[in-house]
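For reference, the structure discussed in these notes is given below.
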Amino acid sequence: MKFATKAIHIGQEPDELTGAVTVPLYQTSTYAQEEIGKHKGFEYARTHNPTRFAWEENLAAMESGTHAYAFGSGSAAVDTLMRLLSAGDHVIMAEDMYGGTFRLTDKVLRRFGITFSYVDMRNVANVEAALQPNTKMIYTETPTNPMMTITDLRAVAEIARAKNCMMVVDNTFASPYFQRPLELGAHIVVHSATKYLGGHSDLVSGIVATNDEAIAEQLKFLQNAVGAVPGPFECWLLLRSAKTLAVRMEQHAANAMKIAAFCEQHPSIVHTHYPGLASHPQHDIAARQMSGFGGMISIELGSREKAVEVTKRLKLFTLAESLGGVESLVCHPVSMTHGSIPKEQRDRLGVTEGLVRLSCGIEDVNDLLEDLESALR
Ligand SMILES: *Cc1c(COP(=O)(O)O)cnc(C)c1O
């Protein structure tokens, strides 16, 4: 079965009881039991919820996984999967990643005796060089937020498998429509479902998928034990959103490609970062492992003053954190999403005062181009 069909049908079968074509919203905390020890397999809603199960089955299918576990946010999903580790374990992480993930590893998980090396994953040799006898996990994000750098997933997965490490990929930017890391050798995929999976800027949620039975068992245990589960309404909205993921992603990417080409030739823009551009240093790797380049672009305007001015003048691109919704957003990573990353690390990555990130929505692209043109003028 092809992607768009899976997205609409797997986990989304008509309801057995009534024939409702939409999965019902089971807004309940508990389930009546017939007698002690006799029930329908549903006991308590942290552990069992049919709406959540449907969404988990749906996302697992979209990611070519066998199991998925949903969480209250992308950050809760990352935190829970990190609990696969124990004190004394070492993790190799991409240095260019979502600021909140860095904050979680550096400010919280480090206190529990897990150590982290942050490396430039554009070069696979840096991953080899960072390996330690106690390395248990390699964690990357691709394309990265906000620099749009690419990790060669197949190459890193080979290292991880040779060294018996788990390989984790944050697939939030690409979405499973454009990139499926499990097919390339990763063990675990994680999403901030708040972004493209939700797609309408109306919920906060997270999800993890795997095709490894042993990891799935542990994740299921941790999901219940830690308890950072989403409410059923979020799962219901995500099932709704999954039905349009394919068409939304096509439009996000088509709009982003036109906007990136426009930005690249604009005299006021110093540099345009978009993996779909032939000028992107890792365009070839992106083209090999992604079937499309997504809707995220970063542009370097040269100074904080220009970033402030342009973001103020934009009318259709709303200045806001987050991304992946149908409406276009613009953000200033240094002062908004990446404040928790130390300045010298930001400078090394290129996350400058003049960098602005665009989340290209699915409005008419001519209106978006006009908005950019007049803001830059
Ligand atoms: C937003 C985001 C997260 C965190 O997810 P929340 O749902 O905000 O907790 C993690 N990774 C990436 C790439 C993100 O964009």
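Every read-out reported here was derived from the displayed coordinates using simple, explicitly stated rules and does not represent laboratory data. Bear in mind that the values here come from a model prediction, so they are computed numbers and not experimental data. With ideal geometry, Cβ positions are generated from the backbone for all residues, glycine too; neighbour counts draw on all protein chains shown.
So the values come out like this:
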| read-out | value |
| --- | --- |
| Over 24 Å (Cα to Cα) - which of Lys2/Lys163; Lys195/Lys343; Lys107/Lys136 fall in this group | Lys2/Lys163; Lys195/Lys343 |
| Quarter of Cα convex hull surface for the chain, i.e. mean projection, nm² | 19.2 nm² |
| Rg over Rh [alpha-carbon atoms, Kirkwood Rh] for region 222-339 | 1.04 |
| Fraction of antiparallel bridges per DSSP, the chain only, in percent to nearest 5 | 55 percent |
| Gaussian network model of the chain, Cα within-10 Å springs - most flexible of Glu309, Glu353, Glu158 | Glu309 |
| Label point 7 Å beyond Cα of Leu25 along Cβ direction - residues of region 32-62 with amide nitrogen under 14 Å | 51-52 |
| Karplus-derived 3J(HN,Hα), 6.51/-1.76/1.60, for each residue of region 307-319, Hz, glycine and proline x | 4, 5, 5, 5, 5, 6, 7, 5, 10, 7, 7, 7, 6 |
| Region 248-311, relative contact order [Cα under 8 Å, separation at least 6], % | 39 percent |
| Residue with peak Gaussian network fluctuation, the chain [Cα springs, cutoff 10 Å], from Ala32, Ala160, Ala228 | Ala32 |
| Within straight-line cross-link reach of Lys40, lysines at Cα separation under 23 Å, skipping those fewer than 8 residues along the same chain | Lys220 |
| Residue-averaged [θ]222 nm for the chain, counting only DSSP H segments that reach four residues, each worth -39500 (n - 2.57) | -10500 deg cm²/dmol |
| Interatomic Cα distance distribution for region 144-262, bins of 5 angstrom, percent | 2, 10, 17, 20, 20, 16, 10, 4, 1, 0 |
| Cβ-placed point charges (K, R +1; D, E -1), dipole of region 201-267 about Cα centre in debye, nearest 20 | 260 debye |
| Within the chain: Cβ-based charge dipole about Cα centre, in debye rounded to nearest 20 (Lys, Arg +1; Asp, Glu -1) | 480 debye |
| Rounded Å value of the spacing that divides the Cα centres of region 259-279 and region 38-80 | 39 Å |
| Integer Hz, Karplus 6.51/-1.76/1.60 couplings in order for region 218-233, x for Gly and Pro | 5, 5, 5, 4, 5, 4, 6, 5, 7, x, 7, 7, x, x, x, 5 |
| Rel. contact order, % - alpha carbon contacts under 8 angstrom, at least six apart, the chain | 18 percent |
